[in-house]
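Here is the structure we will look at.
Computed from the coordinates by the stated procedures, all read-outs in this text should not be read as laboratory data. All values derive from a computational prediction rather than experimental measurement. Positions of Cβ are backbone-derived with ideal geometry, glycine not excepted, and every protein chain shown enters the neighbour counts.
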Amino acid sequence: MKHINSILPLAAIAAFAIASCNKLDTPAYEPVVYTLQNAKINLGATRSQGPIGCVELHDDGTYIAEVFADYEGLDKYVQIPFERILVGVKDSKPVNYITGTYTATGESYSLSGLGTLSFDNDMMFANYTYQGVSYRDRTGLTPAERLPDFKPAAGKWTPVKTDVKVTNNMDNTEFVNSYNSLDFESISADVAASCAPELSAHLDVFKGYRIKDISVSSMNSFIVTYTNGKVLGGYWNFDNKNVNLDGTFYDKDRKLEVWLSPMINGDNATIGITIEIKDKQNETLYKLTAQVEMK
């Protein structure tokens, strides 16, 4: 893995900032220096012409790229904690992630598993390849120092214990168990058999959603790899989070309320989860509490 030991000159960073703000100042037509590090490169934001929304470059020679995709099955629910890694973008366009290493030459970046990335001399547009096809998108740069404050969560974790408790308030049945992983397929099957029979007809949705590992960049981008091959995640400042959703659960109109409480202790991390499924009258039908320990 090649370390990138230098950064863009201040003049180049200023040019990128001008491009990001869409200002009409006269650009400086200087040669582009391909030595960025710890920066998010915007490739069109919500108006991308190509399939990549953002590339995050790190000073250890690795990158993360957002690839626009369609969410299926459980995807949009396991994505609840996360935003797109292009911080500040408010749309909910679904994305998957590609990770790898990159090298910088005098003309472009070469990103393993993705292609090449370069810029016009005025730095208003980026040019990149993906799966052998070339694209050109409006671009801008967000260096690490311009990101919102966040609690650093960088590391690589594997879930080693998940304590689960589910209560069915309609018949006062309860399920309690502990697992040595975070396996949505196993947990949902056990919950359906013990206290949520409505769930039994929907177990196919959970297949393959067992977390293999979670990698977190120095810029708090979480990359979650599942046993079914999905690579999901996104940006999270790792503060407490509360999300409310209306949707169809068990083929009925339901409200979903989710609370997340993360904590870092040395090299370990714990996430407390509370989920309530409510009816239209706001009565809680099911309540799940879980604690996930990761090392």
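Tabulated values for the structure
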{"item": "Alpha-carbon centroids, the range 70-86 and the range 134-166: separation in whole Å", "result": "13 Å"}
{"item": "Dipole of the chain [Lys/Arg +1, Asp/Glu -1 at C-beta], most positive-end residue of Cys54, Pro143, Phe175", "result": "Pro143"}
{"item": "Ranked Leu111, Leu285, criterion: other C-beta atoms within 10 Å, fewest first", "result": "Leu285, Leu111"}
{"item": "About the Cα centre, charge dipole magnitude for the range 155-294 (Lys/Arg +1, Asp/Glu -1 at Cβ), debye", "result": "340 debye"}
{"item": "0 to 90° range, to nearest 10: angle between helix 10-20 axis and the chain longest Cα axis", "result": "60 degrees"}
{"item": "Distance in nm between pseudo-label sites at Val160 and Asp246 (7 Å out along the Cβ direction from Cα)", "result": "4.4 nm"}
{"item": "Largest-first ellipsoid semi-axes for the range 155-294, taking √(5λ) over the Cα gyration tensor eigenvalues, angstrom", "result": "26, 17, 15"}
{"item": "J(HN,Hα) series, the range 274-284, from Karplus relation 6.51 cos²θ - 1.76 cosθ + 1.60, nearest Hz, glycine and proline x", "result": "10, 10, 10, 9, 10, 8, 4, 8, 6, 7, 6"}
{"item": "222 nm mean residue ellipticity, helices alone, for the chain (DSSP H n ≥ 4; -39,500 (n - 2.57); rounded to 500)", "result": "-2500 deg cm²/dmol"}
{"item": "Electrostatic dipole magnitude of the chain [Cβ: Lys, Arg +1; Asp, Glu -1; Cα centre; debye, to 20]", "result": "220 debye"}
{"item": "Given Lys93/Lys161; Lys76/Lys241; Lys161/Lys207; Lys255/Lys287, the pairs whose alpha carbons are separated by over 23 Å", "result": "Lys93/Lys161"}
{"item": "For the chain, with +1 on Lys and Arg beta carbons and -1 on Asp and Glu, the positive-most of Asn265, Met123, Pro159 along the dipole", "result": "Met123"}
{"item": "Over the range 110-199, volume per residue of the alpha carbon convex hull, in Å³", "result": "243 Å³"}
{"item": "³J(HN,Hα) computed for each position of the range 239-246 - Karplus, 6.51 cos²θ - 1.76 cosθ + 1.60, integer Hz, glycine/proline x", "result": "8, 4, 9, 10, 10, 10, 9, 10"}
{"item": "Amide H within-cut-off set for Phe119, under 5 Å, with H built and near neighbours excluded", "result": "Asn127"}
{"item": "Cα-centred dipole magnitude for the range 79-197, charges only on beta-carbon of K, R (+1) and D, E (-1), debye, nearest 20", "result": "220 debye"}
{"item": "Crossing angle, helix 184-194 versus the chain [Cα axis fit, 0-90 degrees, rounded to tens]", "result": "10 degrees"}
